[in-house]
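*Asks:* Have a look at this one before I ask anything.
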Amino acid sequence: MHRLTRAQARRIAVRAQLLDSPRPTDLLSVVQQLTLLQIDPTAAIAPSADLVAWSRLGSAYQPDQLRQALEAEKTLFERDAMVRPIGDLGLHLAGASDWPDYERTRAWLRANDRFRRDILKLLRRAGPVTSREIADTSVVPWKSTGWTHNRNVTQMLECLMMRAEIAIAGRVGSERLWDLPERVYPADVIVPPVDEAEQAKNERRLGSLGIARAKQRAMPLEPVHVGKAGEPAVVEGTKGEWRVDPAALGQDFEGRTALLSPFDRLVYDRVRAQELFGFEYTLEMYKPAAKRRWGYFALPILHNDRLVGKLDAAADRKASVLRVSAIHEDVKFTRAISNAVQAELEDLASWLRLDAIEPAR
């Protein structure tokens, strides 16, 4: 049983997420360590996947590098709103043919098998194609109380992707291109048994987080728990047992300052962020403006091994200005913190190719 202080646990988490010094130098090594970049269409400052990459690589990173890795080099692949290293593909295809778990979705797929076959036939003949090029030949519409209601083509494409019957071949702007997996994925991919894949994913996840819980509440898209991966640990001031990556123990730490996406894995597990960093955070873009405490797309601020505040800012591309509405200080900023945050703001504006920063009033 490893016994860690909170500072030790925080530094393990920061190092695992490549947010210490020195910075990494290439995109592929970043994604291999993080295991994923989450795709989200919100771009108040920049799309989350790009923002996460910039937080690690700085202005040396350009979004075209991500497209190049996905579509030309094929060192990365996109699936289920995540960009992952191609070496992990087999882990995420394991058990795909058994998807979905829910009988309601299974019944919908059975009722629309002709629709499914129509899509596969079209892709075989004309792929890759966008969803707009696919006719809706469904017999039973998809029912939902959310945005997917009656969006039958999109829902069928998502289902077939999860079952590995189709794959994302690239994008035209923000639209995904769909094709048969044999035209997208490497022919020599090895798909392990499901239990082996789950264990490997837990180990990969722990390596990217450094320290995590064995069991945790369900999360959309990507879990935050790691099962029996790693070794047991306790962290002062927190309850229960953690799992720690043994390779992360006993390493030196040199911190830096970083502005993080709200979807950054360092803060994605809000419970862990509270327990280890004492950091309270909620993504508020779905709240009415009057009820927001920190801002529409506030960026958590990391300084060394502490999460010290939130940046409420937005990129006004038409005016070529990075508008800073507020910098919320969770702790009183020292001059060193303020200077470091200002330097990151200037780098962010430069990376976004904005001419000026409009400071908070």
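The values are calculated or read from the model by the stated rules, or taken from the named source; none is laboratory data. Since the model is a prediction, treat every value here as computed from it, not as a measurement. Quick reminder, even Gly has a Cβ in these numbers, built from the backbone with ideal geometry, and neighbours come from all protein chains shown. SASA here: full protein model, heavy atoms, side chains in, ligands and nucleic acids out. Shrake-Rupley method; radii C 1.70, N 1.55, O 1.52, S 1.80 Å.
*Asks:* Hey, in the GNM for the chain with a 10 angstrom Cα cutoff, which one of Thr42, Thr145, Thr334 fluctuates hardest?
*Replies:* Thr145
*Asks:* Could you state the accessible area per residue of the chain in Å², with a 1.4 Å probe and every protein chain left in place? Please report the intermediate quantities before stating the final value.
*Replies:* Working: 17440 Å² over 361 residues.
Accessible area per residue, the chain: 48 Å².
*Asks:* Please report the spacing between the Cα centers of segment 253-315 and segment 153-194 in Å, no decimals.
*Replies:* Rounded to whole Å, the Cα centres lie 32 Å apart.
*Asks:* May I pose another question? What percent does the relative contact order of the chain come to when contacts are Cα pairs within less than 8 Å and at least six residues apart?
*Replies:* 18
*Asks:* Something else about it: Tell me the carbon and sulfur percent of the accessible area for the chain, rounded to whole percent, probe radius 1.4 Å. Mind dumping the intermediate values first?
*Replies:* Values: 8760 of 17440 Å².
With neighbouring chains kept in place, the figure for the chain is 50 percent.
*Asks:* Mind telling me which of Arg110, Arg323, Arg293 comes out most flexible in a GNM of the chain, alpha-carbon contacts under 10 Å?
*Replies:* Arg110
*Asks:* Between Thr148 and Lys121, what is the spin-label point distance in nm, taking each point 7 Å from the Cα along the Cα→C-beta axis?
*Replies:* Using points 7 Å along Cα→Cβ, the separation is 2.6 nm.
*Asks:* Follow-up question, since we're still on this one. Normalised by the residues of segment 1-103, what does the relative contact order come to in percent, with Cα pairs under 8 Å and at least six apart?
*Replies:* 23
*Asks:* Further question on the same structure: Remind me, relative contact order of segment 222-327 in percent, using alpha carbon pairs under 8 angstrom and six or more residues apart?
*Replies:* 18
*Asks:* Rounded, prolate or oblate for segment 171-309? Axes are the square roots of the Cα gyration tensor eigenvalues, ordered a ≥ b ≥ c, and the cut-off for rounded is a/c under 1.5. Walk me through the numbers before you get to the answer.
*Replies:* Details: a/c = 1.94, a/b = 1.14, b/c = 1.71.
Verdict is oblate for segment 171-309.
*Asks:* Additional query: Which of Lys228/Lys287; Lys291/Lys332; Lys74/Lys201; Lys74/Lys143 have a Cα-Cα distance over 30 Å?
*Replies:* Details: Lys228/Lys287 37 Å; Lys291/Lys332 24 Å; Lys74/Lys201 21 Å; Lys74/Lys143 36 Å.
With Cα atoms farther than 30 Å apart: Lys228/Lys287; Lys74/Lys143.
*Asks:* Continuing with this model, one more query. How much length, in nm to one decimal, is gained on full extension between Asp252 and Ser320, taken as 0.36 nm per residue of separation minus their Cα-Cα distance?
*Replies:* Answer, rounded to one decimal: 20.5 nm.
*Asks:* In addition: Return the loop-located chymotrypsin sites (Phe, Trp or Tyr not before Pro) in segment 96-186 (DSSP other than H, G, I, E, B) with at most 10 other Cβ atoms within 10 Å of their own Cβ; answer none if there are none.
*Replies:* Tyr102, Trp147
*Asks:* Also: For Val52, what charge total do you get from the other residues with a beta carbon under 12 Å from its beta carbon, if Lys and Arg give +1 and Asp and Glu give -1?
*Replies:* -1
*Asks:* May I pose another question? For Ser97 paired with Val189, estimate the spin-label separation in nm (one decimal), with each label point 7 Å from Cα along the Cα-to-Cβ line.
*Replies:* It is 1.4 nm.
*Asks:* Counting helices only, and only those DSSP H runs with n ≥ 4, report the 222 nm mean residue ellipticity of the chain as the sum of -39,500 (n - 2.57) divided by its residues, in deg cm²/dmol to the nearest 500.
*Replies:* Working: 12 runs with 118 residues, N = 361.
Mean residue ellipticity, 222 nm, calculated: -9500 deg cm²/dmol.
*Asks:* If each of Arg23 and Ala7 carries a label point 7 Å out from its Cα toward its Cβ, how far apart are those two points in nm?
*Replies:* 2.7
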